[in-house]
1. Kindly indicate the residue of the range 294-319 that is over 30 Å from V61 (Cβ atoms) and in contact with a helix residue (DSSP H, G or I) (Cβ under 9 Å, 6 or more places away or on another chain) and also surrounded by the most Cβ atoms within 10 Å (Cβ to Cβ) among those meeting that condition.
2. Can you pull out every residue in the range 82-140 that is acidic (D, E) and either touching a helix residue (DSSP H, G or I) at 6+ places or on another chain (Cβ under 9 Å) or at positive phi (or both)?
3. Using beta carbons and a limit of 8 Å, which pairs, at least six apart or on different chains, have the first residue in the range 134-159 and under 17 Å from V346 (Cα atoms) and touching a residue at least 12 places away in the same chain (Cβ under 8 Å) and the second one among the aliphatic types (A, V, I, L, M) and surrounded by fewer than 17 Cβ atoms within 10 Å (Cβ to Cβ)?
4. Hey, can you tell me all the residues within the range 181-205 that are at pLDDT below 70 and in a helix (DSSP H, G or I)?
5. So N115 clears everything in (1) closer than 19 Å to L73 by Cβ; (2) surrounded by fewer than 20 Cβ atoms within 10 Å (Cβ to Cβ); (3) not acidic (D, E) except one condition, right? Which one?
6. Given the criterion out of contact with any Pro (no Cβ under 8 Å at 6 or more places or on another chain) and crowded, with 16+ Cβ neighbours inside 10 Å, identify the matching residue among A254, A336, A259.
7. Is it the case that some residue within the range 209-219 is assigned to a loop (DSSP other than H, G, I, E, B) and at pLDDT 95 or above?
8. Can you pull out the residues in the range 118-155 that are in a loop (DSSP other than H, G, I, E, B) and within 20 Å of I85 (Cα to Cα)?
Amino acid sequence: MGQQVISADEHLVESFEFWDEWLPHSLPAKWRDRAPRRLGPGVALDGTTVMRTFTLFPELVTLSDDAPGATDLAARAAVHDGHGIDAAIVYPQRAMAMWGIDDHDLRDACFDAYNSWLAEQCRLSGHRLIGVPILATVHRPERTADAVERLRELGFHTMMLPNYPRQAHYGSTDMAPLFTAIETSGMPLSFHISEAPDGNGPGELGSYLMQSFQPFRKLWSYLVFAGIFDRHPGLRVVFAEGGISWIPSALDHADRIAAEFRDHLAPTLAHEPSHYWHTHCWATFMDDPRGLDQLGHIGADRVLWSSDYPHPEGTNDRTADVLGDLRDRFGANTAAAITGGTARAVYDLE
C-alpha cells in the first residue's frame, strides 16, 4: 500500500434509519418502546432529552447534519476524494448521548446495536471509514474482556470510553479488569472531546467551544497521576479533537508537580509524567499553528492530523492547503507520518 492520507478524527452522523429502524429492532422486544429516539436536534429517552449540546445550540448541529456525506457513504467518499483523503477514523455524533441511560442493561444493548451498525457502515464504505466503537463496560469492568473480543470480531481497530463517566473512576482498582483487557487487546483506547454546555445565554457558545476544544489536560494528568500507565505498561491512548497546543505546558507542569510534591503524591510514579506522554499517548489536531511551533517538544511521532469532517470547525475546504503547509513546513517524510503513517501504525491498519 502506498502512502495514504488518513484523517484521524471525523464523525459519521447516525442516520434517522439508525434511530428509527436499526436501533429499536436490534433490541429485545421488552425494550423496543424505550429505545432512544431522535427528538428534533437532540436524542431522547422516554421523551427526555439526554444530551443538551444539540438542543442548546441547534444551529451547530444543523451545520454538521446538512454537510454532504454526513450520513451518506457515497457522498462522504466524494468529499474525501475532493479533499485528498484516503481513509478516516470516524467517531460518533449523537450515540454518546446514550451514556445518559440509567438502565445499564438497556444502555449496553443500545451500544451493542450502535457498534454493529457502525461496523456495517465501515464495511459498506469499503473500509475507507474506520469506526471507533463505544466500549460500554465502565460500570461492569469485569465484562470488558468479552466486550473487547466482540469489538475485534466486528473488525474494529480501537474503542472509546467516556471522559468522565458517572459513578465510575478510572483510577480505582476496580477498573483493573477494564484496562487489563484493553491493554491485552493491543488496540489503542480513544477519548474524544465531549464537554457539555452550561447554558445558551450571552457568551455561552464561545465559552463552551473554548472549553470543548482543549479539555484533555485534566484527563491526561489523571491517567498519569493515578498510576494507570504504570499498572498497564502496554496501554496506548489517543486524545481526539483537543488539538496539541495544550501538551507542552501540561508536560512541563506535570513534571514540576511530580518533583515538587513527590512526598505527597500517591501512588508513586515510576517515571516523570512526560515519559508517559512520549511512550503511551497521541493526540489529533486539525490546524494548530501554536502546537506545531512546539512539535519538537510534543514529538512528531505523537500527533495525528484530522479534518474533523463534517464539523464546521474542521479544515473542510482548506484541507488541501493545510496538508500542503505541513509538507512545506516539516518536509515530505514527517508530513507523511503526521497525515497518515503514524495513524496506520497506531491503529494497525493494513
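The values are calculated or read from the model by the stated rules, or taken from the named source; none is laboratory data. For clarity, every value in this text was computed on a predicted model and none was experimentally measured. Cβ placement follows ideal geometry from the backbone for every residue including glycine, while neighbour counts extend to all protein chains displayed.
1. The initial filter retains those residues of the range 294-319 that are over 30 Å from V61 (Cβ atoms), namely 294-302.
Filter again for in contact with a helix residue (DSSP H, G or I) (Cβ under 9 Å, 6 or more places away or on another chain), leaving 294-295, 297-302.
Numbers: Q294: 15, L295: 19, H297: 13, I298: 24, G299: 17, A300: 15, D301: 14, R302: 20.
That would be I298.
2. Going residue by residue through the range 82-140, those that are acidic (D, E) are 86, 102-103, 105, 108, 112, 120.
The answer is D86, D103, D105, D108, D112, E120.
3. H157/L349
4. Within the range 181-205, E204, L205 qualify.
5. The failed condition is (2).
6. Values: A254 fails: out of contact with any Pro (no Cβ under 8 Å at 6 or more places or on another chain); A259 fails: crowded, with 16+ Cβ neighbours inside 10 Å.
The conditions single out A336.
7. There is no residue in the range 209-219 that is assigned to a loop (DSSP other than H, G, I, E, B) and at pLDDT 95 or above.
8. Scanning the range 118-155 gives S125, G126, H127, R128, V132.
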